[in-house]
Amino acid sequence: MQDQLQNIHDQLNESARIKEMIRDRYSETILKTVDLMISCYKNSGKLLICGNGGSAADSQHFAAEMVGRLVKDRDPLPAIALTTDTSILTAIGNDYSYDVVFRKQVQALGKSGDVLVCMSTSGNSENVAQAILGAKEKNIQTVALLGKSGGKIAGMADHVIVVPSNVSQRIQEGHITIIHIWCEIIESTLFPDA
């Protein structure tokens, strides 16, 4: 029992420590990227969001907060999680390659002025890297939430936040915290009277 309690304390302390490091290293980048998203929305753009596994769930979570709400009753904002259409994902994966399941959607749905937000705990997910290449073809700004060393994607995206951890669950906890911060700032900026 005592060992389990200590494990709980250790995990919570580690999560808090990593969030403090995100605060110290990336607060300005978080502000810069949310300003980019606000500008996108003010200019009739949309967010395209992608990731694999837990990051796919976070992509859907982010899109849901934008289309629905975080806190305020307000008009919906356009955001598409590229992880949700199983017919598109399986057709592209079968006919081409799983590596391009997000890229082809970016090419089909994206336009200049949109923002692609992509997540990869390793920073090396090939389909996420390909999505960034597709975004560059369409003059779409890219924001990457990464972990570990940042991987190859750290050198590809326009704006990068690397959660300073090698543990997937800690990285994902950092990502969802950043997403919630973005959502709150977007809502309070675009809907101050809601």
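Brief remarks on what is shown
- Residue selection: Asp3 satisfies the criterion of being modelled with pLDDT under 95, part of a helix (DSSP H, G or I) and out of contact with any Lys or Arg (no Cβ under 8 Å at 6 or more places or on another chain).
- Matching helices (runs of 4 or more DSSP H) fully within region 12-121 where at least 1 residues are of a type outside the set (Gly, Ala, Ser), surrounded by 13 or more Cβ atoms within 10 Å (Cβ to Cβ) and modelled with pLDDT under 95: none
- Residue that is buried (at least 17 other Cβ atoms within 10 Å of the Cβ), under 16 Å from the mean Cα position of the chain (by Cα) and more than 25 Å from Ile18 (Cβ to Cβ), where the choices are Ile153, Ile140: Ile140
- Some residue of region 16-27 being acidic (Asp, Glu) and over 30 Å from Ala135 (Cα atoms): yes
- Residue match in region 176-194 (condition: over 22 Å from Ser39 (Cα atoms), in contact with a Leu (Cβ under 8 Å, 6 or more places away or on another chain) and either among the hydroxyl-bearing types (Ser, Thr, Tyr) or in a helix (DSSP H, G or I) (or both)): no
- Selection status of Ile153, in contact with a Ser or Thr (Cβ under 8 Å, 6 or more places away or on another chain), over 17 Å from Ser27 (Cα atoms) and either touching a residue at least 24 places away in the same chain (Cβ under 8 Å) or not in a strand (DSSP E or B) (or both): yes
- The one condition in (1) within 18 Å of Asp58 (Cβ to Cβ); (2) surrounded by fewer than 22 Cβ atoms within 10 Å (Cβ to Cβ) that Gln172 fails to fulfil: (2)
- Pairs, first closer than 17 Å to Pro76 by Cα in region 34-53, second among the small types (Gly, Ala, Ser) and surrounded by fewer than 21 Cβ atoms within 10 Å (Cβ to Cβ), C-beta under 6 Å, six or more apart: Asn43/Gly113; Gly45/Gly113
- Number of residues in region 3-26 that are among the hydroxyl-bearing types (Ser, Thr, Tyr) and more than 16 Å from the chain's Cα centre (by Cα) equals 1.
- Residue among Val160, Val143, Val128 that is at negative phi and part of a helix (DSSP H, G or I): Val128
- Qualifying residue in region 80-89 (condition: within 28 Å of Glu187 (Cβ to Cβ) and touching a residue at least 40 places away in the same chain (Cβ under 8 Å)): yes
- Scanning region 38-85 for residues that are under 26 Å from Glu126 (Cβ atoms) and acidic (Asp, Glu) returns Asp58, Asp85.
One line per residue, one yes/no per condition, for (1) under 16 Å from Gly174 (Cα atoms); (2) in contact with a strand residue (DSSP E or B) (Cβ under 7 Å, 6 or more places away or on another chain):
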| position | (1), (2) |
| --- | --- |
| Ser15 | yes, no |
| Asp24 | yes, no |
| Glu28 | yes, no |
| Thr33 | yes, yes |
| Ser39 | no, no |
| Lys42 | no, no |
| Lys46 | no, yes |
| Gly53 | yes, no |
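The values are calculated or read from the model by the stated rules, or taken from the named source; none is laboratory data. Fair warning: this is a prediction, and the values are worked out from it, not measured in the lab. Cβ coordinates were reconstructed from backbone atoms using ideal geometry, including for glycine residues, and neighbour counts include every protein chain displayed.
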